[in-house]
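Each value in this text was obtained by applying a stated rule to the coordinates, not by laboratory testing. Note that the structure is predicted; figures quoted are calculated from it, not measured. Reconstructed Cβ throughout: ideal geometry from the backbone, glycine too, with neighbour counts over all protein chains shown.
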Amino acid sequence: MSFKWPNKGSEEVLDYSLDWSRFLRTSETISSVAWSINDEDGVKQSFTTPNTINNLTHGGDTNSNTVATITLSGGTNNTTYKLYCAVTLSSGYVAERSVTLRIKER
């Protein structure tokens, strides 16, 4: 399943989140989060602070018991990025969702 975030300007520094609460079973929480991104060749790469891949910069990430958040800056105008959020849950289960982000000057 792939989600889509609102467009981002290349000069903006913004937080983007994925809410996992509808996916979680009763009393299950997020234990850890790992972010990845497709590079310019479409190859999935680990995306950690302060990595810059294809001009998009990972500025940090946080998570609560139900929401994973990443801070992003930069990016190339008219480029659509595909990011992945993998969560490890308190039950030990691991799940991943992909999300697209388009860089579009306002």
Environment charge of Val67, counting only residues whose C-beta is closer than 12 Å and scoring Lys/Arg +1, Asp/Glu -1: -2
Two-decimal Rg/Rh across the chain, once Rg and the Kirkwood Rh are taken from alpha-carbon atoms: 0.98
Please arrange Leu72, Leu24, Leu18 by how many other C-beta atoms lie within 10 Å of their C-beta, fewest to most. Leu24, Leu18, Leu72
Amide H to amide H, which residues 5 or more places from Asn38 or on other chains are under 5 Å from it, using H placed in the peptide plane? Gln45, Lys82
Count neighbours as other Cβ atoms within 10 Å of each site's Cβ, and list the trypsin sites (Lys or Arg not before Pro) in the stretch 1-87 that are DSSP loop with at most 12 such neighbours. Arg22, Arg25
What list of ³J(HN,Hα) couplings, whole Hz, do you get for the stretch 24-41 from phi and the Karplus terms 6.51, -1.76, 1.60, once you set θ to phi - 60° and write x for glycine and proline? 6, 7, 3, 6, 8, 9, 7, 8, 7, 9, 10, 9, 9, 8, 6, 7, 4, 9
Which part of the stretch 39-72 falls in the paramagnetic zone of Lys104, meaning amide N under 18 Å from the point 7 Å along Cα-to-beta-carbon? none
Neighbourhood net charge (9 Å Cβ-Cβ; Lys/Arg +1, Asp/Glu -1) for Ser91: 0
What size of dipole, in debye to the nearest 20, comes out for the stretch 1-46 about its Cα centre when the only charges are +1 on Lys and Arg C-beta atoms and -1 on Asp and Glu C-beta atoms? 340 debye
With x for Gly and Pro, the residue-by-residue ³J(HN,Hα) of the stretch 85-102, computed from phi through the Karplus equation 6.51 cos²θ - 1.76 cosθ + 1.60 at θ = phi - 60° and given in whole Hz, is 10, 9, 10, 9, 9, 4, 7, x, 5, 10, 9, 9, 10, 9, 8, 9, 9, 9
Could you pull out every residue, at least 5 positions away or on a different chain, whose amide H is within less than 5 Å of the one on Asn51? Hs are placed 1.01 Å off N in the peptide plane, and Pro or chain starts have none. His58
The answer for Gly75, listing residues at least 5 apart or on another chain whose modeled amide H is closer than 5 Å to its amide H, is Leu56, Thr57
Cleavage-rule hits, GluC sites (Glu not before Pro), the stretch 1-94, DSSP coil, Cβ neighbours within 10 Å at most 12: Glu11, Glu40
R0 of 30 Å, Cβ-Cβ distance Asn7-Asp41: FRET efficiency to nearest 0.05: 0.80
Local electrostatic count at Ile53 - Lys and Arg +1, Asp and Glu -1, tallied over other residues with Cβ under 9 Å: -2
